[in-house]
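See structure below.
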Amino acid sequence: MKRQIIARAIAGAVLLGSAAALAPAAMAQAQVSINIGIGTPPPAPVYEAVPAPRPGYVWAPGYWDWDDHGHKHAWKQGHWIAERPGYAYEAPRWVRASNGWVLQPERWSRGPDRGDYDHDHDHGRGEYHCPPGHAKKGEC
């Protein structure tokens, strides 16, 4: 009888320990996305001269962001970002939704020139896939 109690206690401790070890990994994979609709459409884009091409970089044009503190749109200037071979940069954009205007964040989508970065994670289905570790960095 004592052996059964000890065996169950050990099995329970092992199970609890493995659950505690796996929980952070499962939680790290979860992503939360909140879209807040703004009743006011963004103003017209501000004209920015696009600089001359820069090898290894993509120009991310300026856009209207939402300033929660001032409760108004705020212009974010364009800037250079490192290119990702095989991917095309998509700038942030405002879209009309059922709850108002929603800002779609910048992202990288699979481009026509996949080069040697083609890992085909979607098995030929043509779906967007963010490479491991890039979503946490805000690159997708």
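Rule-based calculations on the coordinates, nothing more; no lab input. This structure is a prediction, so every number in the text was calculated from the model and none was measured. Here Cβ is always computed from backbone atoms with ideal geometry, including for glycine, and neighbour counts include all displayed protein chains.
Provide E83, E48 in ascending order of the number of other Cβ atoms located within 10 Å of each residue's Cβ, fewest first. Don't jump to the answer; show the numbers that get you there.
Values: E83 16, E48 12.
With the fewest neighbours first, E83, E48 line up as E48, E83.
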Counting only residues 5 or more apart in sequence or on a different chain, those whose built amide H sits under 5 Å from that of Q104 are R93, W94, V95
For A88 and H71, extending 7 Å from Cα along the Cα-Cβ vector and measuring point to point gives, in nm, a value of 4.0 nm
Here segment 44-57 yields Karplus 3J(HN,Hα) values (6.51, -1.76, 1.60; θ = phi - 60°; whole Hz; Gly and Pro given as x) of 4, x, 8, 6, 10, 5, 7, x, 4, x, 10, x, x, 9
Proxy exposure order for H73, H79 (fewest C-beta within 10 Å first) is H79, H73
